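Asker: Below are the structure tokens for one structure; questions will follow.
The values are calculated or read from the model by the stated rules, or taken from the named source; none is laboratory data. Bear in mind the structure is a predicted one, so any value in this text is a computation, not a measurement. Note that we place each Cβ from the backbone using ideal geometry, even for glycine, and neighbour counts take in every protein chain shown. Ligands, DNA and RNA are excluded from the accessible area calculation, which covers all protein heavy atoms including side chains. Shrake-Rupley method; radii C 1.70, N 1.55, O 1.52, S 1.80 Å.
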Amino acid sequence: MLLLHLLTIAAGLGIAGARNIPTRRTSSTTSTLIATEYGTVFDAPVTIGNQSFMLLVDTGSSDTYVMQTGYKCINSTENLVIPQSDCFYANKTYHKSKTYRRVPSEMFGVKYGAGLASGLMAYEQVSMGGVSVNMQKIGISNESDPMGDGVNSGLLGLGYPALTSAHPANHTTNSSYWRDRLVYNPLLFTMHEQGLIDPYFSLALAHTPQNQSTSFGGYLTLGGLPPVNHSSHFSTVPVEITEKIPLWYTSGKTVRSYWSATVNNITYGLSSNKLTTNTTAFQAFIDSGNYISYLPPAIVDPINALFSPPATYDSDLGLYVVDCSAKAPEFGLSLGDQTFYHDGSDLTYQTSEGVCVSSLASSSEVSLGDVTLNIIGVPFLKNVVAVFDFGKNEMRFAKKLGSQHTL
């Protein structure tokens, strides 16, 4: 990831009174997000003990972790210790508070697509938007690959318990963090268990300027809906057990892990009156921690060819490179009873080096061992209000309305 300078720039969403769907309680809390790395990473404020941090908002994992003061930055691929500044985390790091309690006989170790983080498991007081829980299990990371953005100090995992990454204390190899899980309740599950929030959260990510490194990022709301204009009609889909992943990945149990659902079809074309629909359904999971949507190659290859000028595949990146001023094709995916079209600006990302890439890539580029998984990432979430309901085990999506850009 790239080191960025923090700028506070309000851009992205049309703020208004949202049309509410029924909730189980009357209270909710909303956190304002910061978008970093040119609108690819979204960070939320979280208090741990008596210390405030920004943490990456990730629906594609389940642990909350924070970097400990004095942590080691590593290159796990080459098994090297590298300068701490190379990890790109914020300078603000965690030190033990009065509410810190170490979890005996357990360690923290997680593997993401971007790298590894490991350390201790601890009980801490954790707060978001005024909602506070005591004795929440979190990871205190004392070792990490470069995974920061210059703003955050760790990660806020919003997936199901099956993806949590506590392990027995004698777990000594970082090559098997997907195994030997000691499953626990992630933060939002604990908040609900303690009667503090209804069992769902919602996201509305902001559209971000192509050449702006850091900006307003949208909203994360616990137990309610974010303050943005949206359609009154929500598509509802059940959260499915993710197909193909081996049982050892979910501690030998057939349970929900990712926020997975079936995509009915994909629609794309050069203009709204010349659209093609690929009717082959496929399963994918919703991942706010991934700025690329990784979809079946039979889908993304013809879509990337429709950029004007066409995108070209870069084998080193595993992505399609596009002209930064290229016109994007129409693109929509169907979930439930609606097709959700993407704003063309969300289909191209510009890096700090000035290189632009398509936000649609082949799922053959990412895998879990021999298993290929489809991922619906940030480009989709910038165009919807997304509700993740772990009480009903369903997701609900509504189209955002009104101004989506600079206020």
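Asker: Taking H placed 1.01 Å from N in the peptide plane, check which residues at least 5 places from TYR258 or on another chain put their amide H under 5 Å from its amide H.
Answerer: For TYR258, whose amide H was placed from the backbone, the distant partners under 5 Å are THR242.
Asker: So with the 1.4 Å probe, I'd like the accessible area per residue for segment 251-407, rounded to whole Å².
Answerer: 39 Å²
Asker: Treat each spin label as a single point 7 Å out from the Cα along the C-beta direction, and report the ASN393 to ASP343 distance in nm.
Answerer: Placing both labels 7 Å beyond Cα along the Cβ direction yields 3.6 nm.
Asker: Classify segment 212-271: rounded, prolate or oblate, from the alpha-carbon gyration tensor (a ≥ b ≥ c, eigenvalue square roots; a/c under 1.5 rounded; otherwise prolate if a/b is larger than b/c)?
Answerer: Prolate shape, in that a/c is at least 1.5 and a/b is the bigger ratio.
Asker: For GLU394, what accessible surface area do you get with a 1.4 Å probe? Give it in Å², rounded to 10.
Answerer: For GLU394, solvent-accessible area is about 40 Å².
Asker: Would you mind computing Rg(Cα) / (2.2 N^0.38 Å) for segment 30-194, counting N as its residues?
Answerer: For segment 30-194, the normalised Cα radius of gyration comes out at 0.95.
Asker: Continuing with this model, one more query. Taking all pairs of different Cα atoms in segment 78-155, averaging 1/r and flipping that mean, what Kirkwood radius in angstroms comes out?
Answerer: Value: 13.7 Å, from the Cα pair sum.
Asker: For segment 155-278, what relative contact order do you get, as a whole percent, if you take Cα pairs closer than 8 Å and at least 6 residues apart?
Answerer: Once normalised by length, the contact order is 23 percent.
Asker: Now for a separate question. Over segment 86-236, give the accessible area per residue in Å² for a 1.4 Å probe, as an integer.
Answerer: 34 Å²
Asker: Divide by every residue of the chain the summed helix terms, -39500 (n - 2.57) for each DSSP H run of at least 4, and state the resulting mean residue ellipticity at 222 nm, rounded to the nearest 500 deg cm²/dmol. All intermediate terms of the calculation are to be shown ahead of the outcome.
Answerer: Numbers: 3 runs with 19 residues, N = 407.
Helices in the chain give a 222 nm mean residue ellipticity of -1000 deg cm²/dmol.
Asker: Still on this structure, please answer the following. Can you give me the long-range amide H partners of ASN374? Hydrogens built in the peptide plane at 1.01 Å from N, cutoff under 5 Å, separation of 5 or more residues or another chain.
Answerer: Amide H neighbours of ASN374, under 5 Å, 5+ apart: PHE285.
Asker: I'd like to know how segment 218-337 sits against the 2.2 N^0.38 Å rule of thumb: what's its Cα Rg over that expected value?
Answerer: 1.27
Asker: Could you derive backbone 3J(HN,Hα) for segment 119-132 from the dihedral phi with the Karplus parameters 6.51, -1.76 and 1.60 (θ = phi - 60°), listing whole Hz in sequence and x where the residue is Gly or Pro?
Answerer: Rounded to whole hertz, the list is x, 10, 9, 9, 9, 8, 7, 10, 10, 9, x, x, 8, 10.
Asker: Still on this model: Over segment 264-349, calculate the relative contact order: mean separation of alpha carbon pairs under 8 Å at least 6 apart, over the residue count, as a percent.
Answerer: 31 percent.
Asker: Hey, another quick one. Could you derive backbone 3J(HN,Hα) for segment 280-290 from the dihedral phi with the Karplus parameters 6.51, -1.76 and 1.60 (θ = phi - 60°), listing whole Hz in sequence and x where the residue is Gly or Pro?
Answerer: With the stated coefficients, segment 280-290 comes to 6, 6, 8, 8, 8, 10, 8, 9, 6, x, 10 Hz.
Asker: Next question. Under the definition of Cα pairs under 8 Å and six or more residues apart, what whole-number percent is the relative contact order of the chain?
Answerer: Result for the chain is 21 percent.
Asker: Convert each backbone phi in segment 344-359 into a coupling constant with the Karplus relation 6.51 cos²θ - 1.76 cosθ + 1.60 (shift: θ = phi - 60°), then list the ³J(HN,Hα) values in order as whole Hz, x for Gly and Pro.
Answerer: x, 5, 7, 8, 10, 10, 9, 7, 5, 7, x, 7, 10, 10, 6, 7
Asker: With only alpha-carbon atoms counted, please give the Rg and Dmax of the chain, in Å.
Answerer: Cα-based Rg and Dmax for the chain come out at 20.1, 63 Å.
Asker: Could you list the residues of segment 301-339 with an amide nitrogen less than 17 Å from a label point located 7 Å from the Cα of ASN211 in the Cα-to-C-beta direction?
Answerer: The answer is 322-327.
Asker: Applying a 10 Å radius around every beta-carbon, put 348-360, 234-246 in order of their mean neighbour count, most first. It would help to have the intermediate numbers written out before the result.
Answerer: Values: 348-360: 18.8, 234-246: 17.0.
Put in order of decreasing packing, that is 348-360, 234-246.
Asker: What are the residues whose amide H is under 5 Å from the amide H of GLY218, where those residues sit 5 or more places off or on another chain and H is modelled from the backbone?
Answerer: LEU33, ALA206
Asker: Now for a different question. Measure off, as a whole percent, the carbon and sulfur share of the 1.4 Å-probe accessible area of the chain, all protein chains present. Before the final figure, lay out the partial values.
Answerer: Working: 7970 of 16020 Å².
Here it works out to 50 percent.
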